[in-house]
Amino acid sequence: MISALRHLFAAAAVVACAGAYASGGGTTWDPYVNRDAPDIALSRYQSGELGVVVNSYDRLYLYTAWRSVMLGAEGVKKAPNPDGGLLRALGARDGGWTGSTQSANAYRVWEDAIANALHQAPLKAKDGNGLGYGYVQCPLASYAFATDTLNGLAKRDDATPARLAAWVASQRQVFKVCGDDPTSTRPPYSSEKPVIAAPPELPASEALYWRQMQQYHLASFAFYNNDYERAAALFGAIGATDKHPLRQWGEYLALRAQARAADYVPEDERWKQMQAMRQEGPQEAAARQAVQQKKLAAIQASIAHILAKPELASLHEASRAIGRSMQVRLTPALRFAELGKLLDDPRANPYLDDHLGDWRVLARSELEAPGRNQADKRDAVRAQAGFVDWIQTIGQCREFEAQRDCAVERQHALEIWRRYVKEDNKPQARAWLLASVLMSDRLTAEQEQAASQVAASAPEYLTMRHALARHYRLTGAADKARAIADAVLASPALAAASSTSARNLFLQERFALATSPADAAKYLMRAHSRNLDPDTGEQVKKEEAQIDIAADGQRWLNSGLSAADIQTVAAEPSLPATWRARIAVAAWLRFDLLGRQDAALTAAKLAEQSAPELAPAVQAYRNQPAAPERHYTLLVNALKYGMSPVFQSYAQPPQLRAADDTLADMWCKLPAKTGDSYNENVDAEFSLPTPQLGDIATRDKELAQLGALKTATGYIGEAVLARVKATPTDPDLPWLLYVTVQSTRGGCLDGDAKTLSRNAFSVLHKRYGKSEWATKTPYYY
């Protein structure tokens with residue numbers, strides 16, 4: 001029975017006041033720098049290993065940075081930092097996401113227990129029912145409790161098939177009302193809630209023990225059916241009944257029901273309530289708060305009643321936790337102010353009683369922009385605690401948001417920093433220096449001096465170094481910026497941080513200040529920032545980090561260099577061979593498209609050295625007697641190997657493609673002038689201006705010439721049609737016409753793509769109608 005009671009406690013904990021958080025990325029995601037959270041394991045981050053702090057971090061990470069900087073390197077070591085504190089505050093307090101395998105196992109074990117107790121085959125969920133696929137809606141702990149309880153009941157001397165069957169039927173009704181019914185074919189996420197009959201109460205003639213065990217079902221059914229007053233009364237009766245087998249839990253579960261009732265709003269009423277709250281005036285708000293405080297007082301009285309009973313000592317902390325949770329839910333403004341005072345002392349434990357996690361939840365509403373007809377309370381809230389002002393100052397100038405408040409907040413941070421420097425309040429001065437440099441591209445002389453003096457052991461050291469590098473770059477002190485970036489990239493401090501994001505930020509700065517194409521090549525490659533496991537906060541190391549060229553490097557290669565300078569980059573030995581090959585291929589194609597055959601031959605040789613698999617294509621190119629034949633041969637092999645004169649991070653290295661799947665998709669409209677976009681992710685990656693290096697005059701002429709060309713589909717399609725007229729016996733022509741038609745289905749196309757498709761289709765069927773490629777091309781696009 002002890003095991004079953006443990007599960008009962010867990011089940012009760014799950015059904016009340018739970019929350020979950022998730023995050024995800026999209027097309028605006030920066031794969032190289034984590035923008036909303038550090039890529040440092042949370043256990044290390046909460047201990048002061050900050051890497052480079054980004055001002056778009058979630059409030060919890062900014063608070064952690066504030067606390068670490070306020071305490072300083074030595075103070076962080078002495079401060080309370082319990083394991084897993086930050087992870088729990090972030091919201092992973094319920095064990096993280098539950099997968100279908102775990103759910104399916106819990107449900108299977110429950111059905112097996114029924115089969116063993118009743119000596120019948122397990123019940124199979126109907127087709128289309130979520131339970132059949134391993135998805136449960138009721139808490140897993142409730143399945144574990146039910147399984148353990150049934151196993152215990154089956155061993156009792158007074159257990160009969162009828163009693164066990166009645167208990168199972170009653171438990172099934174509880175599962176049905178909370179969402180799991182194996183006999184239902186209703187979609188599991190249907191908005192229409194089915195009406196489920198409550199379990200019938202056992203007759204008075206039944207043995208007391210079995211009636212008492214079923215009383216938990218009646219109370220649980222009421223709870224899951226949102227009838228919290230009845231649930232509280234039934235659980236309370238269990239707690240008040242002497243020698244009841246579940247008496248220990250009755251009063252506590254009644255408290256849970258009372259807490260849930262205090263802030264329960266039917267789903268169809270929630271939106272109306274939210275709208276009413278946003279429109280209410282001061283009197284209405286005060287009246288609502290008075291009602292909430294009355295509810296909270298009643299809950300606190302119930303908690304006090306439990307705390308006064310030594311026999312319920314094992315539930316005292318859980319009961320106090322309910323009280324804290326209901327403070328958050330019922331009197332959020334008061335609790336937010338209280339938590340602000342507690343968290344404003346960096347020496348205190350922010351994870352005690354989940355203070356920081358509760359503050360984060362409340363901050364979503366207490367620090368949000370006001371609704372219509374509502375006063376903006378954010379300034380008043382900021383004044384309640386120094387760290388709140390610090391976080392809001394930074395948050396008003398987030399990278400992802402409009403910059404309208406940046407000037408005001410930047411000046412605010414600067415003034416507060418100066419005030420604390422004058423007062424010789426070193427912890428606050430350190431914190432506000434960090435806030436001011438996070439928002440400022442160009443530092444004042446005093447900021448520059450203060451940032452330069454931050455010790456390498458300080459939690460904010462790497463952030464200050466990055467701010468200085470950025471400042472020197474923008475103020476034209478390129479030598480100083482390069483010196484800082486080079487020193488940090490080779491430093492023990494960056495190595496110890498183990499932050500891919502931090503390293504990429506310094507690589508980005510150094511790349512922007514490169515002195516030559518060869519110098520820039522050394523800073524092209526970036527590793528994707530490491531993901532963190534949502535359940536542990538630790539780095540995921542299932543596979544090697546993906547390393548490629550970021551958006552700034554892609555744009556530089558696509559529209560920032562002449563073909564000769566691209567070839568210089570391709571010869572840089574520090575680059576991976578795969579990328580050297582792709583860059584050499586780009587130079588090869590550009591030289592050829594520009595009509596510079598001698599240079600194209602040299603680039604082809606360089607491509608072959610980096611990618612031996614291209615040897616057949618290079619040899620075929622060399623073997624041609626004249627420029628027109630070489631040009632055509634290169635176009636055919638560009639199709640076969642997917643070779644391109646431009647770069648994108650998702651492009652594959654040159655490799656032979658399947659004939660059926662080949663498309664003329666190697667380039668869209670080529671950039672016509674420096675800085676032109678070729679779909680690089682520069683906005684999401686906050687890319688810096690690309691360095692202006694090499695032979696700029698030649699580059700500009702080449703880009704103008706290349707930018708006038710059609711897309712790969714149009715350019716190669718026209719070359720293929722011209723080849724039909726010049727050399728109609730070319731054995732590749734049926735396939736090339738097929739590729740031309742297929743390529744006009746979508747993607748990057750010219751205005752005359754439909755005409756091209758029709759012409760290629762017509763020629764294919766008239767001249768080569770008996771070929772397999774004509775059969776595979778039943779219509780044009």
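The values are calculated or read from the model by the stated rules, or taken from the named source; none is laboratory data. Small disclaimer: the values here were computed from a predicted structure and weren't measured. Neighbour counts are summed over all protein chains in view; Cβ atoms, including those assigned to glycine, are modelled from backbone coordinates with ideal geometry.
Brief remarks follow.
- Glu311 being farther than 21 Å from Glu338 by Cα, in a helix (DSSP H, G or I) and either out of contact with any Asp or Glu (no Cβ under 6 Å at 6 or more places or on another chain) or at pLDDT 95 or above (or both): yes
- Qualifying residue in region 366-375 (condition: under 24 Å from Val69 (Cα atoms) and in contact with a Leu (Cβ under 6 Å, 6 or more places away or on another chain)): no
- Every condition in (1) in contact (Cβ under 8 Å) with a residue 40 or more places away in the chain; (2) of a type in the set (D, E, K, R); (3) closer than 26 Å to Gln508 by Cα is met by Asp592 except one, and the failing one is (3).
- Residue in region 559-578 that is farthest from the chain's Cα centre (by Cα), counting only those that are more than 16 Å from Ala697 (Cα to Cα) and crowded, with 23+ Cβ neighbours inside 10 Å: Gln567
- Checklist (1) of a type in the set (Gly, Ala, Ser); (2) closer than 25 Å to Asn679 by Cβ; (3) touching an Asp or Glu at 6+ places or on another chain (Cβ under 6 Å) applied to Ala607, failing item: (3)
- Set side by side, the residues Ser501, Ser491, Ser516 differ, and just one is touching a Gly at 6+ places or on another chain (Cβ under 9 Å), farther than 27 Å from Ala89 by Cα and among the small types (Gly, Ala, Ser), which is Ser516.
- The lone criterion from (1) closer than 23 Å to Ala672 by Cα; (2) in contact with a Phe, Trp or Tyr (Cβ under 9 Å, 6 or more places away or on another chain); (3) free of Cβ contacts under 8 Å to residues at least 60 places away in the same chain; (4) among the aromatic types (Phe, Trp, Tyr) left unmet by Tyr621 is number (1).
- Checked against (1) under 20 Å from Asp592 (Cα atoms); (2) surrounded by 15 or more Cβ atoms within 10 Å (Cβ to Cβ), Gln619 passes all but condition (2).
- Residue count for region 427-442, restricted to those that are over 32 Å from the mean Cα position of the chain (by Cα) and within 28 Å of Ala495 (Cβ to Cβ): 1
- Exclusive hit being at pLDDT below 95, assigned to a helix (DSSP H, G or I) and either among the small types (Gly, Ala, Ser) or on the phi > 0 side of the Ramachandran plot (or both), set Ala369, Ala380: Ala380
- Test: residue in region 105-115 that is at positive phi and more than 29 Å from the chain's Cα centre (by Cα): no
- From the options Tyr107, Tyr61, residue that is in contact (Cβ under 8 Å) with a residue 24 or more places away in the chain, of a type in the set (Phe, Trp, Tyr) and within 30 Å of Val388 (Cα to Cα): Tyr61
Conditions tested, residue by residue: (1) loosely packed, with under 14 Cβ neighbours inside 10 Å; (2) not in a helix (DSSP H, G or I).
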{"residue": "Thr713", "(1), (2)": "no, no"}
{"residue": "Ala722", "(1), (2)": "yes, no"}
{"residue": "Asp730", "(1), (2)": "no, yes"}
{"residue": "Trp735", "(1), (2)": "no, no"}
{"residue": "Thr740", "(1), (2)": "no, no"}
{"residue": "Gly746", "(1), (2)": "yes, yes"}
{"residue": "Gly751", "(1), (2)": "yes, yes"}
{"residue": "Arg758", "(1), (2)": "no, no"}
{"residue": "Val763", "(1), (2)": "no, no"}
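- Some residue of region 273-282 being part of a helix (DSSP H, G or I), loosely packed, with under 12 Cβ neighbours inside 10 Å and charged (D, E, K, R): no
- Every residue from region 626-644 that is closer than 11 Å to Ala664 by Cα and either small (Gly, Ala, Ser) or not in a helix (DSSP H, G or I) (or both): Ala638, Gly642, Met643, Ser644
- For the criterion of being over 34 Å from the mean Cα position of the chain (by Cα) and closer than 25 Å to Thr740 by Cα, Arg596 fails.
- Of the residues Ala726, Ala719, Ala753, the single one that is modelled with pLDDT of 95 or more and over 15 Å from Tyr632 (Cα atoms) is Ala753.
So that you can scan it fast, the table gives a plain yes or no per residue for (1) more than 23 Å from Ala348 (Cβ to Cβ); (2) surrounded by 19 or more Cβ atoms within 10 Å (Cβ to Cβ); (3) modelled with pLDDT of 95 or more; (4) out of contact with any helix residue (DSSP H, G or I) (no Cβ under 7 Å at 6 or more places or on another chain):
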position	(1), (2), (3), (4)
Trp390	no, yes, yes, no
Arg404	yes, no, no, yes
Val421	yes, no, yes, no
Asn425	no, no, yes, yes
Ser436	yes, yes, yes, no
Ala445	yes, no, yes, yes
Gln449	yes, no, yes, yes
Val454	yes, yes, yes, no
Ala458	no, yes, yes, no
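- When residues in region 34-79 are screened for being acidic (Asp, Glu) and part of a helix (DSSP H, G or I), 1 of them pass.
- Sole exception among (1) under 20 Å from Ala125 (Cβ atoms); (2) not in a helix (DSSP H, G or I) for Phe175, by number: (2)
- Residue in region 221-272 that is surrounded by the most Cβ atoms within 10 Å (Cβ to Cβ), counting only those that are over 37 Å from the mean Cα position of the chain (by Cα), touching a residue at least 40 places away in the same chain (Cβ under 8 Å) and not in a helix (DSSP H, G or I): Leu246
- Summed over region 524-536, residues that are of a type outside the set (S, T, N, Q) and either under 21 Å from Leu86 (Cα atoms) or free of Cβ contacts under 8 Å to residues at least 24 places away in the same chain (or both) total 5.
- Conditions (1) free of Cβ contacts under 8 Å to residues at least 40 places away in the same chain; (2) outside any loop (DSSP other than H, G, I, E, B): number failed by Gln705: (1)
- Selection status of Asn225, touching a helix residue (DSSP H, G or I) at 6+ places or on another chain (Cβ under 8 Å) and either of a type in the set (Gly, Ala, Ser) or more than 22 Å from Arg260 (Cα to Cα) (or both): no
- Per-region count, region 460-478, residues more than 17 Å from Gln508 (Cβ to Cβ), touching a Lys or Arg at 6+ places or on another chain (Cβ under 8 Å) and surrounded by fewer than 22 Cβ atoms within 10 Å (Cβ to Cβ): 1
- Failed criterion for Ala599 (all others in (1) closer than 22 Å to Val636 by Cβ; (2) touching a Leu at 6+ places or on another chain (Cβ under 8 Å) hold): (2)
- Helices (runs of 4 or more DSSP H) enclosed by region 487-588 - at least 3 residues per element that are over 24 Å from Gly675 (Cα atoms) and at pLDDT 95 or above: 492-497, 500-512
- Selection from region 664-673 of residues that are within 18 Å of Ala617 (Cβ to Cβ) and either surrounded by fewer than 19 Cβ atoms within 10 Å (Cβ to Cβ) or within 33 Å of the chain's Cα centre (by Cα) (or both): Asp665, Met666, Trp667
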